[in-house]
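Structure, as structure tokens:
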Ligand SMILES: *Cc1c(COP(=O)(O)O)cnc(C)c1O
């Protein structure tokens, strides 16, 4: 099955009871048993739920994996991966990271005795300097949020395999439409399904996909034992969202390109971060590991003025000033005061999250309207 067919049919069966084409929302906590242990595969909805199961099958199919897991949020999915570790273990992570992931690592898991090394992975050779016998996991986000750096997943996976480490990739920005990390050698793919997979800004959800059965069993154990699952209504909504992922992504990419090119041509704009530009430092890797360049674009203004950036985002009319991304509607954010406010100023500036940086999640509206909106707000 090719990708566009998978978004609609991947891992799905029509409902056994009445042939309903969409899986019913099994809004139930428990399942009748004929005699103790004699049931139809479902006992209690923290452990299994048919609607969630249909979604988990879809996740696995999209990422060319064998096992999918759905969680109550993207962070709950990341949390489940970290629960594979023990005190004393070490993690090597990209330094330009989603703020909530950085917070989970440093404010929760450091207290449990796990050590994190945050490094730039533009040059993967640096990774080996941080590997010791304590290292267990490499955590990669690509494209990174919000600087749109690209990390060579295949090159990192060669290192993770050489040292028998787990490699997890946060594939939220790219989506499986653009990039399939398991095919490039990753062990775990993670998504904030809140973003493009759900696609309609109405559900908070997380996903993991793996190929290895033993690893899947460990993660299912954590999912059930810790219990950060999603409900059946949310599972239904994300399953519906996924059915249009490929058509939405096509338009996100087309509009993202148009917006990036417009910004590049505007005299008040200093830098535009979008991996489709030939002078983007990792353009060649982006071109080889991604099908297209996505709908996320960040930029800074000349003079790097905090107040001016605030004014631009306030003046936008079609772009909504809001956290989050990946929905059909265009959103704008100011990372320094919003998504990345939890990262100390000194730390965030090292990775380029300066005061005037604005991040756009370019939606699927008409691109002419989006460009006109940006133009009036910047002018
Ligand atoms: C939003 C986001 C997360 C966290 O997901 P939630 O669903 O908000 O918990 C993790 N990584 C990236 C790249 C994100 O954009």
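Read-outs: derived from the displayed coordinates by stated rules, not from any lab. Small disclaimer: the values here were computed from a predicted structure and weren't measured. Here the Cβ is made from the backbone with ideal geometry for all residues, glycine too, and neighbour counts use every protein chain on show.
Descriptive notes on the structure:
- Percent antiparallel among DSSP beta bridges (both partners in segment 3-242, rounded to 5): 40 percent
- For the chain, the longest principal axis of the C-alpha atoms and the axis of helix 213-226 are separated by about 90°.
- Rg(Cα) / (2.2 N^0.38 Å) computed for segment 98-148, rounded to two decimals: 1.22
- Ordered by the count of other Cβ atoms within 10 Å of each Cβ, fewest first, 369, 125, 170 give 125, 369, 170.
- Ordering of 17-25, 234-242, 88-96, 159-167 by packing is 234-242, 88-96, 159-167, 17-25, highest average first (other Cβ atoms within 10 Å, averaged per residue).
- Most fluctuating residue given options 257, 107, 367, as computed from a GNM of the chain linking Cα atoms under 10 Å: 107
- Calculated mean residue ellipticity at 222 nm for the chain: -10000 deg cm²/dmol, from DSSP H runs with n ≥ 4 weighted as -39500 (n - 2.57), summed, divided by the residue count and rounded to 500.
- Of the residues 308, 323, the one with the fewest other Cβ atoms within 10 Å heads the list, and the complete ranking is 323, 308.
- Relative contact order %, the chain, counting alpha carbon pairs below 8 Å whose residues are six or more apart: 18 percent
- Considering only 246, 280, 334, the mean-square fluctuation computed in a Gaussian network model of the chain, springs between alpha carbons under 10 angstrom, is largest for 280.
- Distance between segment 116-187 and segment 49-70 - C-alpha centres, whole angstrom: 23 Å
- Diffusion coefficient (Stokes-Einstein, Kirkwood radius over C-alpha pairs, 4 °C, 1.567 mPa s) for segment 3-242: 71 µm²/s, rounded to a whole number.
- The angle between the Cα long axis of helix 306-315 and the longest principal axis of the Cα atoms of the chain comes to about 70 degrees, rounded to the nearest 10.
- Pairwise FRET efficiency - residue 279 versus residue 346, Cβ, R0 = 35 Å, nearest 0.05: 0.80
- Folded to 0 to 90 degrees: helix 232-242 orientation relative to the chain principal axis, Cα: 50 degrees
- Gyration tensor (alpha-carbon) shape descriptor, segment 281-379, a/c threshold 1.5: oblate
- Per-residue Cβ neighbour rank within 10 angstrom, fewest leading, 5, 106: 5, 106
- Packing here is the average count of other Cβ atoms within 10 Å per residue, and on that basis the peptides 353-361, 264-272, 206-214, 28-36, highest first, run 353-361, 206-214, 264-272, 28-36.
- Shape class of segment 71-171 from the Cα gyration tensor (axes a ≥ b ≥ c, square roots of the eigenvalues): oblate, since a/c reaches 1.5 or more and a/b does not exceed b/c.
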